[in-house]
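**Student:** Got a structure for you, written out below as structure tokens; questions coming shortly.
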Amino acid sequence: MKGTHKRGRKTIILLFWMGIWQVAAVLADNPILLTGPVRVLRAFVENLLRPDFFPVVFHSLAGIGLGFFLALFAGVLLGAVAFSMVWVEEILAPVMTVLKSVPVASFVVLLLIWFGAGRLSLMISFLIVFPNVYVNTIAGLKSADRKLLEMARVFGMSRGRKLFYLYRPALLPYLEGCLRVSLGMSWKSGVAAEIIGLAESSLGERLYMAKIYLDTAGLFAWTITTVLVSFLFEKAVLRIFRQFAQWRPYPGFGLYEGFPAGISPKRDREAGDKIRMCHIDKTYNGQSVLRDLNLTMEAGGRYLLTAPSGAGKTTLLKILTGLEQGDRGEIAGMPDRIGMVFQEDRLCEEYDAVCNILLGMKTGGGKGRKKQLADYVRAQASAILPADCLTKPVRQLSGGMRRRVALLRALLSGADVLILDEPFTGLDEENRMRSAQYLMENLQGRTLLMSTHREEDAQLLQATRVTL
């Protein structure tokens, strides 16, 4: 009802201004100076019935549209390359400055001299759109959440997964804003180039001819045609873009090494392997956080790290995972495959719980079996999470639910060692006990190091207590 009322109000406003236009045309009484909407509509219908109408429209649409899509592809590609390699961005910086500052008319004249009018609209559309896409691509990629990138590093996420699940969500808002601006600019500059270059069988040529013959009604009619085609092109592109933005598939997988579905950790480490931390020192701003720390963890052991806030628990866990470097000391025996619950949840907000858990899993070669693994994850997650929350974006979940998703991601990752930084934070007592029981049942002989403020967690997890 509200939408109908809004559309009705817009229609009334449109008819009001059409009436003002018609009255002004009658008062001017000069169809060359100002023609009314009735004559413009008649001219539009006459153009529409001409056999060359659609070829003209298609010619301009093909040139400007192709230039736009080439600029979109090249801008995203080069922007990604420049983001990865700073020297590429530095080399291209002067080129981008020139493209953004030189007037469109100058480019039109130069390209007309060099290449003629045949592909003028394509090249101008490309030159207008390309720098906008390039700059916004770099800005979007730079805005990717650094904490999520650290999570990906710990879990050994592949480049393809990081690109699609971490960088893509950061890039999409920048690209959408860029597209909204660039779509209109490409059509305005492209048609202007056709007018200057008198491109044969184009919208620009028809506009120029209407001016030559003082056909004001035809000029308005071809202008309306240009606006309509531009509007429809913009709507189509943005619709496709939004569908791509809303596409949230689960990550693909290859064959796994264990069963079920390869969730079990690798078994190629010797039973006697130990993780040794020797003489670890860490200082922040002149203040010692860790001093000459020595700790040995037996394979398959459970260790509970307790200390007051600020005593260095999180710092030690980050050093163990390679997210930070100690000032002194060494770590030996640390496996490559690590499952971690961070102090923050570090979840991909737009994806559901199952997808976030799948992202932490390791893959191998072979034929994919995404559905089988997703079903397994749902079955496991239902042990500590309500089934109706598994398909919701995690941004819609409560803090306690999000925390359990982070715990599941670490446990089901197939890691050889689990490093958990206060994993039960935000859970009520019932969910805390249920999550702890699930953790115990699914350790599968893996080494566990967990930090906590609760002394009773050592007894709950049957863990060896380590105090910093």
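**Student:** Leaving out same-chain residues fewer than 8 places away, which aspartates and glutamates sit with a Cα under 20 Å from that of residue 392?
**Tutor:** 344, 345, 349, 350, 352, 375
**Student:** What lysines sit close enough to residue 362 to cross-link, taking a C-alpha to C-alpha distance under 22 Å and skipping anything fewer than 8 places away on the same chain?
**Tutor:** Cross-link targets: 147, 162, 266, 318, 370, 371.
**Student:** Along the charge dipole of the chain, Cβ charges K/R +1 and D/E -1, which of 418, 149, 72 sits furthest on the positive end?
**Tutor:** My answer, from the dipole projection, is 72.
**Student:** Same structure, new question: Which shape class applies to region 79-211: rounded if a/c is under 1.5, otherwise prolate when a/b exceeds b/c and oblate if not, where a ≥ b ≥ c are the square roots of the Cα gyration tensor eigenvalues?
**Tutor:** Here region 79-211 falls in the prolate category.
**Student:** Calculate for the chain the 222 nm mean residue ellipticity that helices alone would give, adding -39,500 (n - 2.57) per DSSP H run of length 4 or more and normalising by residue count, nearest 500 deg cm²/dmol.
**Tutor:** Theoretical 222 nm ellipticity from helices: -18500 deg cm²/dmol.
**Student:** At a threshold of 8 angstrom on Cα-Cα distance, excluding pairs fewer than six apart, so keeping six or more, what relative contact order does the chain reach in percent?
**Tutor:** The value is 15 percent.
**Student:** Can you give the accessible area of residue 338 in Å² (nearest 10), computed on protein heavy atoms with a 1.4 Å probe?
**Tutor:** 10
**Student:** Let me ask something additional. Can you pull the accessible area of residue 336 for me, 1.4 Å probe, Å² to the nearest 10?
**Tutor:** 140
**Student:** May I ask for the angle, rounded to the nearest 10°, between helix 120-142 and the longest principal axis of the chain, with both axes built from Cα atoms and the value confined to 0 to 90°?
**Tutor:** With both axes taken from Cα atoms, the answer is about 20 degrees.
**Student:** Accessible area of the chain with a 1.4 Å probe: how many percent of it is carbon plus sulfur?
**Tutor:** Answer for the chain is 61 percent, counting heavy atoms of protein chains only.
**Student:** Among residues other than residue 240 whose Cβ falls under 13 Å from its Cβ, what is the net charge (Lys/Arg +1, Asp/Glu -1)?
**Tutor:** Once positives and negatives cancel, what remains is +1.
**Student:** How far is helix 168-197 tilted off the main Cα axis of the chain, in degrees rounded to 10, range 0 to 90?
**Tutor:** That helix lies at roughly 20 degrees to the long axis.
**Student:** Would you work out if region 1-64 is rounded, prolate or oblate? Take a ≥ b ≥ c from the square roots of the eigenvalues of the alpha-carbon gyration tensor; rounded if a/c is under 1.5, else prolate when a/b is larger than b/c, oblate otherwise.
**Tutor:** Oblate shape, in that a/c is at least 1.5 and b/c is the bigger or equal ratio.
**Student:** Mind sorting out which of (1) 1.15; (2) 0.97; (3) 1.09 is the real Rg/Rh (Cα atoms, Kirkwood Rh) computed from the coordinates?
**Tutor:** Answer by label: (1).
**Student:** Oh, and also: Kindly provide the GluC sites (Glu not before Pro) of region 161-226 that DSSP labels as loop, not H, G, I, E or B, and whose Cβ sees at most 13 other Cβ atoms within 10 Å.
**Tutor:** 200
**Student:** Heavy-atom accessible area per residue, region 112-162, 1.4 Å probe: how many Å²?
**Tutor:** Per residue, region 112-162 has an accessible area of 47 Å².
**Student:** Residue-wise, which Karplus ³J(HN,Hα) couplings in Hz belong to region 86-99, taking 6.51 cos²θ - 1.76 cosθ + 1.60, θ = phi - 60°, and x for glycine or proline?
**Tutor:** So the J values, rounded to whole Hz, are 4, 5, 5, 4, 5, 5, 7, 4, x, 5, 5, 4, 5, 4.
**Student:** Something else about it: Nearest 20 debye, what's the magnitude of the dipole of region 146-218 about its Cα centre given +1 on Lys and Arg Cβ and -1 on Asp and Glu Cβ?
**Tutor:** For region 146-218, the charge dipole is close to 840 debye.
**Student:** With +1 assigned to the C-beta of every Lys and Arg and -1 to the C-beta of every Asp and Glu, and no other charges, what is the dipole magnitude of the chain about the Cα centre in debye, to the nearest 20?
**Tutor:** The calculated dipole for the chain is roughly 880 debye.
**Student:** Give me the lysines in straight-line cross-link reach of residue 6: C-alpha distance below 22 Å, same-chain residues under 8 apart excluded.
**Tutor:** Of all the lysines, those that pass the test against residue 6 - Cα under 22 Å, at least 8 places apart if same chain - are 235.
**Student:** Taking only Cα atoms, what is the 0 to 90° angle, nearest 10, from helix 104-115's long axis to the longest principal axis of the chain?
**Tutor:** The answer is roughly 80 degrees.
**Student:** Before I look further, what does region 359-468 give for accessible area per residue, probe 1.4 Å, in whole square angstrom?
**Tutor:** Accessible surface, normalised per residue, equals 42 Å².
**Student:** Amide H of residue 341: which non-local residues (sequence gap of 5 or more, or other chain) have their own amide H closer than 5 Å, using H built in the peptide plane?
**Tutor:** Counting only residues 5 or more places away or on other chains, the set is 419, 420, 421.
The values are calculated or read from the model by the stated rules, or taken from the named source; none is laboratory data. None of these values were measured; they are calculated from a predicted model. Virtual Cβ from ideal backbone geometry, glycine too; neighbours counted across all protein chains shown. Side chains are part of the model used for accessible areas, which takes the heavy atoms of the whole protein and leaves out ligands, DNA and RNA. Shrake-Rupley method; radii C 1.70, N 1.55, O 1.52, S 1.80 Å.
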